[in-house]
Amino acid sequence: KHIGIIYKIAKALSEFQINIFRAKIGSRSDQVVDVFYVLDNKNQKIIETDFREEICQSLLYAAKF
């Protein structure tokens, strides 16, 4: 339905200097599941709540267009 959605998600993450270290992408009939495992630019888990919320908002915006 959304052409280029994976690119848009990856681009949004890269703007925050987020590293994708694993991605699982799959589809089954009418469902698509994309899972990204990410770390910050120091290869650490992202734990800061405000930063996580900012990333989430950016991803939601990217997914709309």
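The values are calculated or read from the model by the stated rules, or taken from the named source; none is laboratory data. Since the model is a prediction, treat every value here as computed from it, not as a measurement. Here the Cβ positions follow ideal geometry from the backbone for every residue, glycine too, while neighbour counts run over all protein chains shown.
Selection of the range 36-47 for residues being more than 14 Å from K8 (Cα to Cα) and either surrounded by 11 or more Cβ atoms within 10 Å (Cβ to Cβ) or in contact with a strand residue (DSSP E or B) (Cβ under 7 Å, 6 or more places away or on another chain) (or both) yields Y37, V38, L39, D40, N41, N43, K45, I46.
Out of I46, I3, I20, I25, one residue alone is β-branched (V, I, T) and under 9 Å from the mean Cα position of the chain (by Cα). It is I20.
Filtering the range 7-25 to residues that are among the aliphatic types (A, V, I, L, M), closer than 16 Å to F51 by Cβ and outside any loop (DSSP other than H, G, I, E, B) leaves A12, L13. Within the range 24-64, the set of residues being under 12 Å from I6 (Cα atoms), among the aliphatic types (A, V, I, L, M) and out of contact with any helix residue (DSSP H, G or I) (no Cβ under 9 Å at 6 or more places or on another chain) comprises V33, V35. Taken together, S58, S14, S27 contain a single residue that is loosely packed, with under 10 Cβ neighbours inside 10 Å and of a type in the set (G, A, S), which is S27. Taking every residue in the range 26-42 that is in a strand (DSSP E or B) and pairing it with any residue that is at pLDDT below 95 and of a type in the set (G, A, S), at least 6 positions away or on another chain, the pairs with Cβ-Cβ distances below 6 Å are V33/G26; F36/A23.
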